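Below is one structure, written out as structure tokens, with a few remarks after it.
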Amino acid sequence: MNNEFIGKRLLNKDEFCKYMGLGRCKAEEWAKTNGAVKHIGRRVLYDRAVIDRVLDSMPPEKQE
């Protein structure tokens, strides 16, 4: 994992996209679907704890 995210709980959109390795539209859709979006005032942030929990609960894909 990249060290720039260590100790950081809430990510802005650019950081979230980089963290997930997704484009802006797909990342935003994923975050909304999985409850990772947090609104603080007018800011929209993405909760890394929720993101990690969802990713950890996903079953591994089978490789054939």
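The values are calculated or read from the model by the stated rules, or taken from the named source; none is laboratory data. Note that the coordinates shown come from a computational prediction; the quantities given were computed from them, not determined experimentally. Please note: Cβ atoms are built from the backbone with ideal geometry, for glycine as well, and neighbour counts cover all protein chains shown.
May I ask you to list pairs of residues, at least six apart or on different chains, whose Cβ atoms are under 8 Å apart, with the first in region 36-64 being over 11 Å from Leu11 (Cα atoms) and the second being among the aliphatic types (A, V, I, L, M)?
From region 36-64, the pairs are His39/Leu45; Ile40/Leu10; Val50/Ala36; Val54/Ala36.
Search region 13-38 for residues being over 17 Å from Arg53 (Cβ atoms) and among the small types (Gly, Ala, Ser), and hand back the single one that is surrounded by the fewest Cβ atoms within 10 Å (Cβ to Cβ).
Among residues in region 13-38 that are over 17 Å from Arg53 (Cβ atoms) and among the small types (Gly, Ala, Ser), the one surrounded by the fewest Cβ atoms within 10 Å (Cβ to Cβ) is Gly21.
Can you tell me which residue among Cys25, Cys17 is in contact with a Gly (Cβ under 9 Å, 6 or more places away or on another chain) and either of a type in the set (A, V, I, L, M, F, W, C) or touching a residue at least 60 places away in the same chain (Cβ under 8 Å) (or both)?
Cys17
If we keep just the residues of region 1-12 that are surrounded by fewer than 10 Cβ atoms within 10 Å (Cβ to Cβ) and of a type in the set (A, V, I, L, M), which is modelled with the highest pLDDT?
Taking the candidates together, the pick is Ile6.
Which condition number does Tyr46 fail, the rest of (1) part of a strand (DSSP E or B); (2) out of contact with any Phe, Trp or Tyr (no Cβ under 6 Å at 6 or more places or on another chain) being met?
The failed condition is (2).
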